[in-house]
1. Report the relative contact order of the chain, percent, no decimals, based on alpha-carbon pairs under 8 angstrom and at least 6 residues apart.
2. For region 39-188, what's the radius of gyration and Dmax over Cα atoms, in angstrom?
3. Give the peptides 108-114, 243-249 in descending order of average Cβ contacts within 10 Å, highest first.
4. Summing Lys, Arg as +1 and Asp, Glu as -1, what charge do residues with Cβ under 10 Å from the Cβ of HIS231 carry, HIS231 excluded?
5. Projecting each Cα onto the charge dipole of region 207-357 (Lys/Arg +1, Asp/Glu -1 at the beta carbon, about the Cα centre), which of GLY220, TRP322, GLY236 comes out farthest on the positive side?
6. Efficiency by 1/(1 + (r/R0)^6): what FRET value for ARG208 and ALA67, r their Cβ-Cβ distance, R0 = 30 Å, to the nearest 0.05?
7. Expressed as cubic angstrom per residue, what is the convex hull volume of the alpha carbon set of region 230-307?
8. Which value, in Å to one decimal place, does the Kirkwood hydrodynamic radius take for region 140-219 when every pair of different Cα atoms is included?
Amino acid sequence: MPTRREFIRNASGAMVGIAFVGCDLLAARDAQAQASGAVRRREVVVSGRRVKTVDVHAHCAVPEAMALMGLKVEPQTLIMGQDRIRAMDEQGIDVEALSINPYWYKAERDLARALIKIQNEKLAELCASQPQRFVAFATVALQYPDLAAEQLEEGVKKLGLRGGSIGANVAGEELSDPKFHPFWAKAEQLGCLIFIHPQGGTAGFEQRLRGSGGLGNVIGNPLDTTIALSHLIFEGTLDRFPGLKICAAHGGGYLPSYAARSDAGCVTFPDRCPKPLKKRPTEYLRHLYYDSIVFTPEALRHLVAEVGSGQIVMGTDYPFPWMKTSVDHILNTPGLSDAERAAMLGETASRLLGIKS
């Protein structure tokens, strides 16, 4: 396994033949564009101070890894290229934390090992070639928790990746299942951030979401996250591993919007809560992190009220056009202090991901 130092030393040639098409040209393009004045990166300023902005929810894909399962990249914008930095510059995104949505949870062990090795090394090479613009979450074969723990440790310690990304369920299995304890124990030991993204089509309620409106995504994705977080709370996973750092996509799904019902449920039906918790269910929400993809100022204000401004980090869901104005979404939400805006835009994520100012 190549070391982080070896990746950095070879960064000048890292993109030769790599899946992230065009990334070897990014630095040259940026320099040329800046010299000609054709492209200007938006600089975000809060209270007269330049703020480094960090997008924790940005997707990509590695075609070579997907090919091992006979899959092709769709949409093509998931393949890293020149348009990625151009979009970041236009939106005012200084750093993207890249993640790959799991498609390998049904792969056999040897295939999963090979696939993850390719993905994590490619992610590390990309980040080494553009260290000022990209960091990445390690991918892991969570269907094999012991292997996933090894992959997370290798990704963080050897490749310089900044945490791990996982689905909100593992081919229908809940993240709170005791079989996943080895992975959670390793994540807690490493002290790294784990980014949870919903798994469309594998959460178990897809049939009711068929039809017009894209409900499998519009409703299904936030519901998948809501269920995952609720199980982590009620099954005692967060009590067992109190040092976990977890970031939930899409503002934590529906859970923060109706969190008090979780408290009331155990009071109303105590027999349905047989596992004693160390805190009220809603208290755990203030120890998790959430991206800012909640669409309206009122929704962001409410999320702040429920979980605290220090638990919210900026997300775009790039290249999917859910939030093209994530920076402005935070800047324009009323009632936030300048310190809160700066934290959400990048300071909290920088601390969690080890990004230097």
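The values are calculated or read from the model by the stated rules, or taken from the named source; none is laboratory data. The model shown is predicted, which means the values in this text are computed figures rather than measured ones. Every residue, glycine as well, gets a Cβ built from its backbone with ideal geometry; the counts of neighbours run over all protein chains shown. With ligands, DNA and RNA removed, areas are computed over all heavy atoms of the protein, side chains included. Shrake-Rupley method; radii C 1.70, N 1.55, O 1.52, S 1.80 Å.
1. 17
2. Radius of gyration, then largest Cα-Cα span, for region 39-188: 16.5, 53 Å.
3. 243-249, 108-114
4. Charge balance near HIS231 sits at -3.
5. Positive-end residue among those listed: GLY236.
6. Between ARG208 and ALA67 the formula returns 0.35.
7. That works out to 81 Å³ per residue.
8. 13.7
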